[in-house]
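J.: Here it is, the structure in full.
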Amino acid sequence: MERFPFRTGLSRSVVGTYGLSRPTEQSLVLDRSEVLSFCGRNDRKIRRLQTGLKAEILTRGTEIVALGEAQDVERAMQALRELLAVQRQSGQPLTDQQLDQAIQALQDDEEPAGGLSSVFLDRIALPRASRHVAPLTRGQKRYIDAIRHADIVMSTGPAGTGKTYLAVAMAVWHLAQGVVRRIVLVRPAVEAGERLGFLPGDIAAKFDPFVRPLYDALYDMMDPEKVKDYLETGIIEIAPLAFMRGRTLNESFVILDEGQNTTVEQMKMFLTRLGVNSRAVVTGDITQIDLPEGKTSGLVHAQKVLREITGIEFVRFSERDVVRHALVQKIVRAYERAGKRP
């Protein structure tokens, strides 16, 4: 067989680590047509994955070989088989984000077998042609599953974890499938260090910057003309939290974004708007509360008093679920460390 080694023969690290001239070896055979897409040009993807593995990885033609201690080799092969199954079933080459999440799972000593494919292959089909949204982390997968099974989901975590985006995706899916008749997107009009009153225009114009992330998500998932039509007819409604008082929302998918900036009274008011055949998702980052000093966050309070109620699920994201620029995860960690210092 023609040989294209990722690393030629046994490296000194393998022999030195295991003290063996013949460490355990397992191989995975690829179709010739998928070698480049799975391994990457000059084996770039395999080199990237190697950083999360203790076994030594070699490529030999259409084979990928793992060498090392038996348990490390088995773990490496489980990860490789999982990732290959994801690529084959999705019909798409693995992305760098997927590889990074696999590496994170390996470095955290999580079990890759049966886990990565269940995350990466869980797709939310969207109305826009050929569009779908899929979780990139285990935390995001738990979040989507919670929304599928619970009538109320309350999610907290740092920026960049997909809390709002995935909630909107699930709302759009529910609307497209006829499970609900409308989508209601709500945000509290609380300024983050700025004064809303200084913004030009009427209340709608003043509130528009607060809900721009919701508009961005909708236009990414649906045809722009359809979004415009739904907004005009009220099938999709975007409103300040204060406008929810006195209403009953039936057959609706309701999302309260930036829930950390509600008061206890506002959160109670929002949750009690839920009507027949409706569901609600609350998102927020409890490390970025912009309420006046002395005011308790309704989201923080709800986590304490509603924890035992069946039908309400709580999902907590961590910095490991950040899927924005790689530096965002490091920034989140740095601020968390700074917050814990005396």
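J.: Could you grab me the full set of residues in region 238-265 that are of a type in the set (Asp, Glu) and over 27 Å from the mean Cα position of the chain (by Cα)?
T.: Glu265, the sole residue that qualifies.
J.: Out of Val172, Val179, Val153, Val184, report the one residue that is touching a Phe, Trp or Tyr at 6+ places or on another chain (Cβ under 9 Å), surrounded by fewer than 17 Cβ atoms within 10 Å (Cβ to Cβ) and at pLDDT 95 or above.
T.: Being touching a Phe, Trp or Tyr at 6+ places or on another chain (Cβ under 9 Å), surrounded by fewer than 17 Cβ atoms within 10 Å (Cβ to Cβ) and at pLDDT 95 or above holds for just one of Val172, Val179, Val153, Val184, which is Val179.
J.: Now, a different point. Give just the number: which of (1) within 21 Å of Val184 (Cβ to Cβ); (2) part of a loop (DSSP other than H, G, I, E, B); (3) charged (D, E, K, R); (4) in contact (Cβ under 8 Å) with a residue 40 or more places away in the chain does Glu313 not satisfy?
T.: Every listed condition holds for Glu313 apart from (2).
J.: A further question follows. Hey, among Lys268, Lys295, which residue is without any contact (Cβ under 8 Å) to a residue 60 or more places away in the chain, in a helix (DSSP H, G or I) and not aromatic (Phe, Trp, Tyr)?
T.: When all the criteria are applied, what remains is Lys268.
Condition check ((1) modelled with pLDDT of 90 or more; (2) open to solvent by 40 Å² or more (accessible area, probe 1.4 Å)) across all residues:
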residue	(1), (2)
Gly16	no, yes
Leu28	yes, no
Arg41	yes, yes
Arg44	yes, yes
Leu53	no, no
Glu56	yes, no
Ile64	yes, no
Gln87	yes, no
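J.: Quick one: how many residues across region 156-168 are within 13 Å of Val133 (Cβ to Cβ), small (Gly, Ala, Ser) and either open to solvent by less than 10 Å² (accessible area, probe 1.4 Å) or assigned to a strand (DSSP E or B) (or both)?
T.: Residues that pass the stated criteria total 1.
J.: Can you work out which of the residues in region 313-330 that are crowded, with 16+ Cβ neighbours inside 10 Å, among the aliphatic types (A, V, I, L, M) and modelled with pLDDT under 80 is farthest from the chain's Cα centre (by Cα)?
T.: Val328
J.: Keeping to region 119-140, report how many residues are open to solvent by 40 Å² or more (accessible area, probe 1.4 Å) and not hydroxyl-bearing (Ser, Thr, Tyr).
T.: Let us first name the residues in region 119-140 that are open to solvent by 40 Å² or more (accessible area, probe 1.4 Å), namely 121, 123, 125, 127-132, 138.
Those left that are additionally not hydroxyl-bearing (Ser, Thr, Tyr): 121, 123, 125, 127-129, 131-132, 138.
Final tally of qualifying residues: 9.
J.: Among the residues of region 111-122, are any within 15 Å of the chain's Cα centre (by Cα) and in contact (Cβ under 8 Å) with a residue 40 or more places away in the chain?
T.: Within region 111-122, none of the residues are within 15 Å of the chain's Cα centre (by Cα) and in contact (Cβ under 8 Å) with a residue 40 or more places away in the chain.
J.: State yes or no: is Asp100 out of contact with any helix residue (DSSP H, G or I) (no Cβ under 9 Å at 6 or more places or on another chain) and either open to solvent by 10 Å² or more (accessible area, probe 1.4 Å) or modelled with pLDDT of 85 or more (or both)?
T.: No.
J.: So how many residues does region 248-263 have that are buried (at least 16 other Cβ atoms within 10 Å of the Cβ) and not in a helix (DSSP H, G or I)? Step through it out loud before you land on a result.
T.: Taking region 248-263 as the starting set, the residues that turn out to be buried (at least 16 other Cβ atoms within 10 Å of the Cβ) are 249, 252-263.
Next cut, not in a helix (DSSP H, G or I) only: 249, 252-258, 262-263.
Selection size over region 248-263: 10.
J.: Here are Arg307, Arg333: which of them is open to solvent by 60 Å² or more (accessible area, probe 1.4 Å) and in a helix (DSSP H, G or I)? Break it down stepwise before answering.
T.: Details: Arg307 fails: in a helix (DSSP H, G or I).
Just a single option satisfies the conditions, and that option is Arg333.
J.: What residue, among those in region 208-262 that are in contact (Cβ under 8 Å) with a residue 24 or more places away in the chain and polar (S, T, N, Q), is nearest to Asp285 (Cα to Cα)?
T.: Gln260
The values are calculated or read from the model by the stated rules, or taken from the named source; none is laboratory data. The model shown is predicted, which means the values in this text are computed figures rather than measured ones. Cβ sites come from the backbone with ideal geometry, for glycine too, and all protein chains shown count toward neighbours. What goes into the accessible areas is simple: the full protein's heavy atoms, side chains included, and nothing from ligands, DNA or RNA. Shrake-Rupley method; radii C 1.70, N 1.55, O 1.52, S 1.80 Å.
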